[in-house]
């Protein structure tokens, strides 16, 4: 992260006079302190602790197979949360991403049914999602309705529209059809080569890229979060987003087009939710209009962004933190399941864990801002 | 002095906010290289006038002439491109951004071809600018939220003074400052006045400061400019008398109940 967020080093300086032996230790502590006071430092530590805990307590947590199991609980939420973080930095929130996530694959399906090729379906579906972002942004920034209300209405309305379009019926995701062929597969067993006819599943290259490949969603998540991180920390877009969320009037006085900045981030957030919707539909090769699932998806993404260190009030946020927030929630869910925790307890424990994680965040945030603030 | 020396002329400018009339009919001119002090009671319309000249707000009627040519200031960006920059009363700083990013807010320097922020270059230039002005800000990579009121004010002033602007508007540049920091800003204004490269309109409350730092003083009362005189031809006593008289009238009007009623 930029040097701007490094904490003051006053305590280390005061203590440094006490002797050479403590100096080295203090330097190490200083490094730890600096890391912890990065905006995303605390959630990284909390996530690593959770991973360590589950690795020790369960046999299968720290395994490749479990990592693959964990991915769908993590990667899609990382993208949703990072998009949400970009918007929350400007001081707004988008609750409609749950419905956009649902709406996007159905639009994809409709365009495909109309006879358009897969690539065009994808682009058009994402344009629809971007349009939703424009509507959210215009209602918020031009008509002055709070984004909480605007996007709550959009969450309900777009969920309803998805039910209407789909007749509330699940459909198979175009381009994600799994075909099965019988092929001769050669195995080596006890030094003998055996060739047996076996059922082998195939998916199209399109599907492999857009969600069906084992690591497809992970790669999408990492690339998207990296790009958002760079946008937020290294570009004018990022500076103006922070300015819009930190001091809206001041940003306008300085000549920043706050309206454009905020609407742009609404569009970004919506479009990313649309991408995740398509990825997830391709991965599961079917789409079902589950509107209650949509709200839960949204809540998890918003939680991940907030746990990751993005302020609801605006002015501060991090895409990488959002990724770790999503990873933390995924690890928690997966780890508790592996521990054999009764499913009824899962959300209860998740709720408490989120509160604890936030307490740590708030405490570290105080350290970061220096005494007397936060 | 000759009309042609005016860099900025404001003619019959009026501005209302709903039922509130901020400016009734303002006529004002600013000469090249001059420092014009603008005095007036709270709510007299000083800040509104500044925001019109800086392009932040549009007047309901009236004309703005820049170097003799009429312009319609469309936005802050537009006014800035014409060489007008403003230090607002609220400073327009972003607490969460570090000092150097605030210094370059909306004037960010970026690399080519990938438009990443040229952070190192902006830090160096910030350091140079702050040193040149003589303001003591130990770290320029900390969020401005951590700085004192005076330091924040100094950054806002430094940001505008180091820009390419040749018409600078200062809306109470000494408001949050202690004596020492205030003296530094007055020094800076004196230096700019001596160089005579830029023209400045400065809003202030302290008559002594105005008489010391400005070439001419304008008083704005009830949305009009009611007093316009070179600082050499007036005194603290005279300015005081005018304002005391204004209070007297306002009190009489309040007592008799038939005075001018501002909505």
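Brief remarks follow.
- Number of the condition not met by residue A:361 [criteria: (1) surrounded by 17 or more Cβ atoms within 10 Å (Cβ to Cβ); (2) within 14 Å of chain B (Cβ to nearest Cβ); (3) at pLDDT below 90]: (2)
- Within segment B:53-86, being assigned to a loop (DSSP other than H, G, I, E, B) and out of contact with any strand residue (DSSP E or B) (no Cβ under 9 Å at 6 or more places or on another chain) holds for B:74, B:75.
- Put simply, of A:259, A:252, A:264 the only residue that is part of a helix (DSSP H, G or I), away from every other protein chain (no Cβ under 14 Å) and either at pLDDT 95 or above or under 21 Å from residue A:312 (Cα atoms) (or both) is A:264.
- On the stretch given as segment B:52-72, residues that are surrounded by fewer than 23 Cβ atoms within 10 Å (Cβ to Cβ) and within 12 Å of chain A (Cβ to nearest Cβ) total 2.
- Matching residues, segment B:77-96, being in contact (Cβ under 8 Å) with a residue 24 or more places away in the chain, within 9 Å of chain A (Cβ to nearest Cβ) and either surrounded by fewer than 24 Cβ atoms within 10 Å (Cβ to Cβ) or within 18 Å of the chain's Cα centre (by Cα) (or both): B:77, B:79, B:80, B:86, B:88, B:91, B:92, B:93, B:95, B:96
- For segment B:207-226, a residue qualifies if it is out of contact with any helix residue (DSSP H, G or I) (no Cβ under 7 Å at 6 or more places or on another chain), in a strand (DSSP E or B) and either over 9 Å from residue B:38 (Cα atoms) or at pLDDT below 95 (or both), and the qualifying residues are B:224, B:225, B:226.
- Scan segment B:7-25 for residues that are crowded, with 20+ Cβ neighbours inside 10 Å and within 16 Å of residue B:72 (Cα to Cα) and the total you get is 5.
- Of residues in segment B:117-136 being surrounded by fewer than 20 Cβ atoms within 10 Å (Cβ to Cβ) and not in a helix (DSSP H, G or I), the one nearest to the other protein chains (Cβ to nearest Cβ): B:118
- Residue in segment A:178-193 that is outside any strand (DSSP E or B) and in contact (Cβ under 8 Å) with a residue 24 or more places away in the chain present: yes
- Contacts under 6 angstrom Cβ, first residue in segment B:104-116 being more than 9 Å from chain A (Cβ to nearest Cβ), partner assigned to a loop (DSSP other than H, G, I, E, B), 6 or more apart: B:109/B:118; B:111/B:118
- Residue in segment B:37-47 that is within 12 Å of another protein chain (Cβ to nearest Cβ) and either in contact (Cβ under 8 Å) with a residue 60 or more places away in the chain or out of contact with any helix residue (DSSP H, G or I) (no Cβ under 7 Å at 6 or more places or on another chain) (or both) present: yes
The values are calculated or read from the model by the stated rules, or taken from the named source; none is laboratory data. It should be emphasised that the depicted structure is a prediction, and the values quoted were computed from it without experimental measurement. Reconstructed Cβ throughout: ideal geometry from the backbone, glycine too, with neighbour counts over all protein chains shown.
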